[in-house]
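Comments concern the structure below.
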(Lines give C-alpha, C1' and ligand atoms only; values in the text may rest on other atoms or scores of the structure.)
Protein backbone atom coordinates (compact mmCIF):
# COMPACT_ATOMS: atom_id res chain seq x y z
CA UNK A 1 0.00 0.00 0.00
CA UNK A 2 1.33 3.42 -0.95
CA UNK A 3 2.04 5.96 1.75
CA UNK A 4 -0.35 8.92 1.47
CA UNK A 5 2.15 11.59 2.50
CA UNK A 6 -0.35 14.42 3.08
CA UNK A 7 -2.65 12.33 5.27
CA UNK A 8 0.31 10.87 7.12
CA UNK A 9 1.72 14.28 8.03
CA UNK A 10 -1.68 15.66 8.94
CA UNK A 11 -2.61 12.75 11.21
CA UNK A 12 0.69 12.06 13.01
CA UNK A 13 0.66 13.98 16.35
CA UNK A 14 4.43 13.65 16.72
CA UNK A 15 5.16 15.76 13.63
CA UNK A 16 5.71 19.52 14.04
CA UNK A 17 3.19 21.21 11.74
CA UNK A 18 0.91 24.18 11.09
CA UNK A 19 -2.44 23.46 9.46
CA UNK A 20 -4.73 25.92 7.69
CA UNK A 21 -7.67 25.52 5.35
CA UNK A 22 -5.48 25.90 2.23
CA UNK A 23 -2.07 24.78 3.46
CA UNK A 24 -0.11 22.43 5.67
CA UNK A 25 3.45 23.19 6.72
CA UNK A 26 5.51 20.51 8.46
CA UNK A 27 8.98 19.47 9.53
CA UNK A 28 9.42 15.91 8.31
CA UNK A 29 12.02 13.30 9.18
CA UNK A 30 11.25 10.24 7.08
CA UNK A 31 10.69 7.16 9.28
CA UNK A 32 10.71 4.60 6.46
CA UNK A 33 13.74 2.34 6.66
CA UNK A 34 13.97 1.38 2.99
CA UNK A 35 16.43 2.47 0.33
CA UNK A 36 13.51 3.01 -2.07
CA UNK A 37 9.80 3.48 -1.51
CA UNK A 38 6.75 4.96 -3.25
CA UNK A 39 4.19 7.43 -2.00
CA UNK A 40 1.14 9.26 -3.32
CA UNK A 41 0.20 12.89 -2.79
CA UNK A 42 -3.18 14.39 -3.62
CA UNK A 43 -1.86 17.94 -3.10
CA UNK A 44 1.08 19.78 -4.63
CA UNK A 45 3.85 20.69 -2.22
CA UNK A 46 7.17 22.47 -1.89
CA UNK A 47 9.94 20.72 0.00
CA UNK A 48 13.15 22.36 1.24
CA UNK A 49 15.94 20.04 2.35
CA UNK A 50 17.48 21.08 5.67
CA UNK A 51 19.80 18.08 5.97
CA UNK A 52 20.38 14.86 4.05
CA UNK A 53 19.62 13.86 0.49
CA UNK A 54 17.01 12.01 -1.54
CA UNK A 55 16.61 11.18 -5.21
CA UNK A 56 13.13 11.62 -6.69
CA UNK A 57 11.94 9.70 -9.74
CA UNK A 58 9.07 10.86 -11.96
CA UNK A 59 8.28 10.36 -15.66
CA UNK A 60 11.59 8.61 -16.27
CA UNK A 61 13.60 11.51 -14.78
CA UNK A 62 15.67 11.66 -11.62
CA UNK A 63 15.84 14.78 -9.45
CA UNK A 64 18.45 15.04 -6.71
CA UNK A 65 17.45 17.07 -3.65
CA UNK A 66 20.23 17.65 -1.13
CA UNK A 67 20.73 20.10 1.75
CA UNK A 68 19.86 23.64 0.61
CA UNK A 69 17.79 22.48 -2.39
CA UNK A 70 14.06 22.94 -2.91
CA UNK A 71 11.64 21.32 -5.35
CA UNK A 72 7.98 21.74 -6.25
CA UNK A 73 6.17 18.39 -6.45
CA UNK A 74 2.83 18.03 -8.24
CA UNK A 75 0.10 15.66 -7.11
CA UNK A 76 0.86 12.12 -8.23
CA UNK A 77 2.87 9.00 -7.36
CA UNK A 78 6.62 9.10 -6.78
CA UNK A 79 9.52 6.78 -6.12
CA UNK A 80 12.13 7.97 -3.64
CA UNK A 81 15.67 6.73 -3.10
CA UNK A 82 17.03 7.47 0.37
CA UNK A 83 20.54 7.81 1.76
CA UNK A 84 21.06 6.99 5.42
CA UNK A 85 24.56 8.35 6.00
CA UNK A 86 23.11 11.75 7.04
CA UNK A 87 19.86 12.38 8.91
CA UNK A 88 17.21 13.55 6.47
CA UNK A 89 15.11 16.55 7.50
CA UNK A 90 12.89 18.62 5.22
CA UNK A 91 10.41 21.46 5.45
CA UNK A 92 7.33 20.46 3.50
CA UNK A 93 4.72 23.03 2.43
CA UNK A 94 1.47 21.67 1.00
CA UNK A 95 -0.50 24.36 -0.83
CA UNK A 96 -3.89 23.82 -2.40
CA UNK A 97 -4.70 24.82 -5.96
CA UNK A 98 -7.17 27.37 -4.58
CA UNK A 99 -4.43 29.09 -2.56
CA UNK A 100 -2.22 29.41 -5.65
CA UNK A 101 -5.18 30.40 -7.84
CA UNK A 102 -6.22 33.17 -5.43
CA UNK A 103 -2.63 34.37 -5.10
CA UNK A 104 -2.24 34.68 -8.89
CA UNK A 105 -5.59 36.46 -9.24
CA UNK A 106 -4.64 38.92 -6.52
CA UNK A 107 -1.35 39.65 -8.29
CA UNK A 108 -2.20 39.93 -11.98
CA UNK A 109 0.98 41.92 -12.61
CA UNK A 110 2.93 38.69 -12.22
CA UNK A 111 1.76 37.75 -15.72
CA UNK A 112 0.10 34.71 -17.17
CA UNK A 113 1.11 31.83 -19.39
CA UNK A 114 -0.28 31.19 -22.83
CA UNK A 115 -1.53 27.72 -23.71
CA UNK A 116 1.79 27.08 -25.44
CA UNK A 117 3.59 27.77 -22.14
CA UNK A 118 1.68 25.23 -20.04
CA UNK A 119 4.15 23.06 -18.15
CA UNK A 120 3.63 19.31 -17.81
CA UNK A 121 6.63 18.44 -15.63
CA UNK A 122 5.84 16.57 -12.44
CA UNK A 123 8.73 18.06 -10.45
CA UNK A 124 10.15 21.58 -10.74
CA UNK A 125 13.56 22.34 -9.20
CA UNK A 126 13.38 25.70 -7.39
CA UNK A 127 16.26 28.17 -7.49
CA UNK A 128 17.03 28.93 -3.83
CA UNK A 129 18.74 32.30 -3.49
CA UNK A 130 19.78 33.81 -0.15
CA UNK A 131 16.42 35.53 0.34
CA UNK A 132 14.40 32.37 -0.23
CA UNK A 133 16.71 30.31 1.99
CA UNK A 134 16.30 32.84 4.80
CA UNK A 135 12.52 32.63 4.36
CA UNK A 136 12.52 28.84 4.60
CA UNK A 137 14.61 28.97 7.76
CA UNK A 138 12.34 31.61 9.32
CA UNK A 139 9.35 29.35 8.63
CA UNK A 140 11.30 26.47 10.18
CA UNK A 141 11.80 28.54 13.32
CA UNK A 142 8.05 29.06 13.68
CA UNK A 143 7.62 25.31 14.09
CA UNK A 144 9.96 25.34 17.10
CA UNK A 145 8.63 28.41 18.90
CA UNK A 146 5.71 26.62 20.49
CA UNK A 147 2.35 28.14 21.26
CA UNK A 148 -0.26 29.31 18.80
CA UNK A 149 0.90 31.16 15.70
CA UNK A 150 -1.64 33.52 14.09
CA UNK A 151 -3.07 32.03 10.91
CA UNK A 152 -2.78 35.38 9.12
CA UNK A 153 0.96 35.40 9.78
CA UNK A 154 1.42 31.91 8.38
CA UNK A 155 -0.61 32.78 5.28
CA UNK A 156 1.53 35.87 4.76
CA UNK A 157 4.62 33.66 4.90
CA UNK A 158 3.13 31.36 2.27
CA UNK A 159 2.37 34.33 0.02
CA UNK A 160 5.89 35.63 0.57
CA UNK A 161 7.15 32.18 -0.45
CA UNK A 162 5.19 32.30 -3.72
CA UNK A 163 6.36 35.87 -4.41
CA UNK A 164 9.99 34.82 -3.98
CA UNK A 165 9.52 31.97 -6.43
CA UNK A 166 7.67 33.77 -9.22
CA UNK A 167 9.80 36.93 -9.10
CA UNK A 168 12.96 34.90 -9.69
CA UNK A 169 13.46 34.51 -13.45
CA UNK A 170 15.23 31.20 -12.84
CA UNK A 171 11.86 29.81 -11.69
CA UNK A 172 10.01 30.88 -14.84
CA UNK A 173 8.70 27.41 -15.69
CA UNK A 174 7.17 27.04 -12.25
CA UNK A 175 5.65 30.52 -12.47
CA UNK A 176 4.05 29.50 -15.78
CA UNK A 177 2.65 26.43 -14.10
CA UNK A 178 1.10 28.62 -11.37
CA UNK A 179 -0.52 30.68 -14.11
CA UNK A 180 -1.99 27.55 -15.66
CA UNK A 181 -3.55 26.64 -12.30
CA UNK A 182 -5.18 30.08 -12.32
CA UNK A 183 -6.96 29.19 -15.57
CA UNK A 184 -8.24 25.74 -14.59
CA UNK A 185 -10.75 24.56 -12.03
CA UNK A 186 -10.39 20.80 -12.55
CA UNK A 187 -7.35 18.75 -13.46
CA UNK A 188 -7.22 17.34 -16.95
CA UNK A 189 -8.39 13.73 -16.85
CA UNK A 190 -6.15 12.55 -19.64
CA UNK A 191 -2.96 14.06 -18.21
CA UNK A 192 -3.52 12.67 -14.71
CA UNK A 193 -4.50 9.21 -15.92
CA UNK A 194 -1.74 8.86 -18.52
CA UNK A 195 0.90 9.78 -15.95
CA UNK A 196 -0.36 7.42 -13.26
CA UNK A 197 -2.23 4.49 -14.87
CA UNK A 198 0.67 2.07 -14.34
CA UNK A 199 0.60 2.54 -10.56
CA UNK A 200 -1.48 0.14 -8.46
CA UNK A 201 -3.92 2.75 -7.13
CA UNK A 202 -7.48 2.40 -5.91
CA UNK A 203 -10.17 4.28 -7.85
CA UNK A 204 -10.67 6.72 -4.96
CA UNK A 205 -6.95 7.59 -5.17
CA UNK A 206 -7.27 8.32 -8.89
CA UNK A 207 -10.35 10.42 -8.05
CA UNK A 208 -8.42 12.51 -5.51
CA UNK A 209 -5.58 13.05 -8.00
CA UNK A 210 -8.21 14.39 -10.42
CA UNK A 211 -9.73 16.65 -7.74
CA UNK A 212 -13.08 14.86 -7.64
CA UNK A 213 -15.20 12.71 -5.37
CA UNK A 214 -15.34 9.05 -6.36
CA UNK A 215 -18.89 9.28 -7.73
CA UNK A 216 -18.11 12.43 -9.75
CA UNK A 217 -14.88 10.86 -11.00
CA UNK A 218 -16.70 7.77 -12.32
CA UNK A 219 -19.38 9.89 -14.02
CA UNK A 220 -16.96 12.38 -15.58
CA UNK A 221 -14.56 9.63 -16.58
CA UNK A 222 -17.19 7.74 -18.53
CA UNK A 223 -18.36 10.92 -20.24
CA UNK A 224 -14.79 11.77 -21.27
CA UNK A 225 -13.37 8.35 -22.23
CA UNK A 226 -16.58 6.50 -23.14
CA UNK A 227 -15.36 3.69 -20.89
CA UNK A 228 -15.47 2.84 -17.22
CA UNK A 229 -12.25 3.58 -15.29
CA UNK A 230 -11.68 -0.17 -14.82
CA UNK A 231 -11.95 -0.90 -18.54
CA UNK A 232 -9.69 2.00 -19.49
CA UNK A 233 -7.04 1.10 -16.89
CA UNK A 234 -6.97 -2.52 -18.02
CA UNK A 235 -6.51 -1.48 -21.67
CA UNK A 236 -3.71 0.99 -20.93
CA UNK A 237 -1.88 -1.41 -18.62
CA UNK A 238 -2.03 -4.24 -21.15
CA UNK A 239 -0.72 -1.94 -23.89
CA UNK A 240 2.09 -0.80 -21.60
CA UNK A 241 2.92 -4.39 -20.66
CA UNK A 242 3.08 -5.44 -24.33
CA UNK A 243 5.48 -2.56 -25.02
CA UNK A 244 7.73 -3.62 -22.14
CA UNK A 245 7.69 -7.23 -23.32
CA UNK A 246 8.91 -6.13 -26.75
CA UNK A 247 11.37 -3.44 -25.69
CA UNK A 248 12.82 -4.31 -22.29
CA UNK A 249 14.79 -7.08 -20.60
CA UNK A 250 12.44 -7.19 -17.58
CA UNK A 251 11.01 -10.61 -16.75
CA UNK A 252 7.27 -11.27 -16.88
CA UNK A 253 6.72 -10.82 -13.13
CA UNK A 254 8.58 -7.51 -13.15
CA UNK A 255 6.50 -6.31 -16.11
CA UNK A 256 3.31 -7.41 -14.37
CA UNK A 257 3.93 -5.17 -11.35
CA UNK A 258 5.53 -2.36 -13.36
CA UNK A 259 2.31 -2.16 -15.42
CA UNK A 260 0.06 -1.82 -12.38
CA UNK A 261 -1.23 -5.38 -11.99
CA UNK A 262 -1.43 -6.86 -8.50
CA UNK A 263 -0.65 -10.50 -9.23
CA UNK A 264 0.90 -12.45 -12.07
CA UNK A 265 -1.88 -15.02 -12.47
CA UNK A 266 -4.49 -12.33 -13.16
CA UNK A 267 -2.06 -10.55 -15.47
CA UNK A 268 -1.33 -13.73 -17.47
CA UNK A 269 -5.04 -14.51 -17.77
CA UNK A 270 -6.20 -11.15 -19.13
CA UNK A 271 -3.07 -10.71 -21.26
CA UNK A 272 -3.86 -14.01 -23.03
CA UNK A 273 -7.50 -12.93 -23.48
CA UNK A 274 -6.32 -9.72 -25.16
CA UNK A 275 -3.41 -11.01 -27.28
CA UNK A 276 -4.29 -14.74 -27.66
CA UNK A 277 -0.93 -15.69 -26.13
CA UNK A 278 0.50 -15.64 -22.60
CA UNK A 279 3.14 -12.92 -22.05
CA UNK A 280 6.19 -15.15 -22.39
CA UNK A 281 5.08 -16.63 -25.71
CA UNK A 282 4.00 -13.18 -26.91
CA UNK A 283 7.55 -11.93 -26.33
CA UNK A 284 9.09 -14.94 -28.09
CA UNK A 285 6.82 -14.56 -31.13
CA UNK A 286 7.50 -10.83 -31.48
CA UNK A 287 11.26 -11.27 -31.09
CA UNK A 288 11.20 -13.94 -33.78
CA UNK A 289 9.45 -11.48 -36.10
CA UNK A 290 6.03 -13.19 -36.09
CA UNK A 291 3.25 -10.58 -36.15
CA UNK A 292 0.33 -10.97 -33.77
CA UNK A 293 -3.08 -9.61 -34.61
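Just give me the residues in the range 258-280 being surrounded by fewer than 14 Cβ atoms within 10 Å (Cβ to Cβ) and in a helix (DSSP H, G or I), in sequence order.
Step one: list which residues in the range 258-280 are surrounded by fewer than 14 Cβ atoms within 10 Å (Cβ to Cβ), which gives 262-263, 265-266, 269, 273, 276, 280.
The answer is 265, 266, 269, 273, 280.
Within the range 218-231, not a single residue is closer than 23 Å to residue 282 by Cβ and buried (at least 16 other Cβ atoms within 10 Å of the Cβ). Among the residues of this structure, residue 160 does not count as one that is over 24 Å from residue 55 (Cα atoms), at pLDDT below 85 and assigned to a helix (DSSP H, G or I).
Take the conditions more than 16 Å from the chain's Cα centre (by Cα) and more than 20 Å from residue 205 (Cβ to Cβ) and apply them to residue 12. Does it pass? Explain how you work it out, then say what you get.
Working: more than 16 Å from the chain's Cα centre (by Cα): yes; more than 20 Å from residue 205 (Cβ to Cβ): no.
So residue 12 fails the test.
Is there a residue being within 30 Å of residue 47 (Cβ to Cβ) and in contact (Cβ under 8 Å) with a residue 60 or more places away in the chain anywhere in the range 166-174?
Filtering the range 166-174 for residues within 30 Å of residue 47 (Cβ to Cβ) gives 166-174.
Going one step further and asking which of them are in contact (Cβ under 8 Å) with a residue 60 or more places away in the chain, we end up with 174.
Looking through the range 166-174, at least one residue is within 30 Å of residue 47 (Cβ to Cβ) and in contact (Cβ under 8 Å) with a residue 60 or more places away in the chain.
Just checking, which of 18, 9 is farther than 16 Å from residue 199 by Cβ, modelled with pLDDT under 90, crowded, with 17+ Cβ neighbours inside 10 Å and in contact with a helix residue (DSSP H, G or I) (Cβ under 6 Å, 6 or more places away or on another chain)? Steps first, answer last, please.
Numbers: 9 fails: in contact with a helix residue (DSSP H, G or I) (Cβ under 6 Å, 6 or more places away or on another chain).
18 is the lone residue from the list that is farther than 16 Å from residue 199 by Cβ, modelled with pLDDT under 90, crowded, with 17+ Cβ neighbours inside 10 Å and in contact with a helix residue (DSSP H, G or I) (Cβ under 6 Å, 6 or more places away or on another chain).
Of the residues making up the range 108-136, those that are surrounded by fewer than 17 Cβ atoms within 10 Å (Cβ to Cβ) and modelled with pLDDT of 90 or more are 127, 129, 130, 131, 133, 134.
The values are calculated or read from the model by the stated rules, or taken from the named source; none is laboratory data. The structure presented is a predicted model; accordingly, all values stated were derived computationally and were not measured. Reconstructed Cβ throughout: ideal geometry from the backbone, glycine too, with neighbour counts over all protein chains shown.
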